[in-house]
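Engineer: My questions all concern the structure below.
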Amino acid sequence: MTRKIALVTGATRGIGLETVRQLAQSGVHVLLAGRDAAKAAAAAAKLQQENLPVEAIALNVDDAGSIAAAAAAVERSHGRLDILVNNAGILLDDLARAPSAQSLDVWRKTFDTNLFAVVAVTQAFLPLLKKSEAARIVNVSSILGSLTLHSDPTSGIYGFKVPAYNASKSALNAWTVHLAYELRDTPIKVNAIHPGYVKTDMNGGEGELDISEGAKSSVELALIGTDGPTGSFTHLGQTLPW
Ligand code: NDP
């Protein structure tokens, strides 16, 4: 049987790296994408030593030239893509500041990586995803992108001061819904997930879940069958409010 080909962005550490490991363990050939080529190569080499089918690819999601070069490389080496996990993300909000005092630079950088880069990467790889028999796109969003919860005084995230991150992930959710609608009559399924509150560098190592648990939602949606959802927003199979 031909192996599925997956690409995971921002996979040099954290949830992305673990998503690569778990997809490879399930028999998928995974392209471990990182903006620092040497770091991506080192991470891939480690997984190769565990006999996992992983290869490194340079991809800075903020750079149009890097995206085009990565898509061309995948076209040359594999001719198609079955799974795209848009995992790379940043959280720059200064939690000590009021939302109105957050710098415009933070807003711009956050939207560049968490939204515009996802749109650009998806657009570049869509022709290759369309060559797959059953492609899957997973957008790694966050519960902090839920406007329903952010505006609910009884929710645990009410008043949590991450306006740029919140808005970027809300916008990512909107992109997910629109792309899923566009592709509804094709074999391509597009879903957003919340990985959980995971112990990674983004949270200074704090969190409720270990990285192995944190990768599960991405892996689950990357491997869903033809009866699986599209246009959904979930965490470990549970539907989340937009
Ligand atoms: P980390 O900060 O641990 O890792 C972020 C990864 O993204 C790194 O590999 C980093 O690369 C990469 N990255 C950042 N910018 C770029 C770029 N321009 N191009 C390519 N790669 C880039 O984050 P997590 O693993 O915690 O987060 C992964 C995803 O999960 C993010 O989208 C995040 O928003 C989301 N998420 C995380 C939660 C958590 O609790 N941790 C909760 C909800 C959502 P490099 O090594 O080169 O810096």
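Engineer: Determine the relative contact order of the chain: mean sequence separation of Cα pairs under 8 Å and six or more apart, normalised by residue count, in whole percent. Don't skip to the answer; put the middle values down first.
Structural biologist: Details: 488 pairs, mean separation 45.1, N = 242.
RCO, the chain: 19 percent.
Engineer: Per residue of the chain, what 222 nm ellipticity follows from adding -39500 (n - 2.57) for every DSSP H run with n ≥ 4, rounded to the nearest 500?
Structural biologist: For the chain, the value works out to -11500 deg cm²/dmol.
Engineer: Once Rh is set to the Kirkwood radius over Cα pairs, what Stokes-Einstein translational diffusion coefficient, in µm²/s, holds for the range 24-97 at a temperature of 10 °C and a viscosity of 1.306 mPa s?
Structural biologist: Approximately 116 µm²/s, per Stokes-Einstein.
Engineer: For the range 92-242, compute Rh as the Kirkwood radius over C-alpha pairs and then the Stokes-Einstein diffusion coefficient at 25 °C and 0.890 mPa s; write the answer in µm²/s, rounded to an integer.
Structural biologist: Estimated via Stokes-Einstein, D reaches 151 µm²/s.
Engineer: When a footprinting reagent is the concern and you count Cβ atoms within 10 Å, what order do 211, 5, 137 take, fewest first?
Structural biologist: Ranking 211, 5, 137 by Cβ neighbours within 10 Å, fewest first, gives 211, 5, 137.
Engineer: Among the GluC sites (Glu not before Pro) in the range 137-242, which ones are in a DSSP loop with at most 14 other Cβ atoms within 10 Å of the Cβ? Mind listing them? Kindly include the intermediate steps, with their values, before the conclusion.
Structural biologist: Values: sites: 182, 206, 208, 213, 220; in loops: 206, 208.
Hits after loop and neighbour filter: 206, 208.
Engineer: Among 164, 191, 41, which residue has its Cα positioned farthest towards the positive end of the charge dipole of the chain, with +1 placed on the Cβ of Lys and Arg, -1 on the Cβ of Asp and Glu, and the dipole taken about the Cα centre?
Structural biologist: Looking along the dipole axis, the top candidate is 41.
Laboratory data are not the source of any read-out in this text; all were calculated from the coordinates shown. Predicted model only: the values in this text are computed from it and were never measured. Note that we place each Cβ from the backbone using ideal geometry, even for glycine, and neighbour counts take in every protein chain shown.
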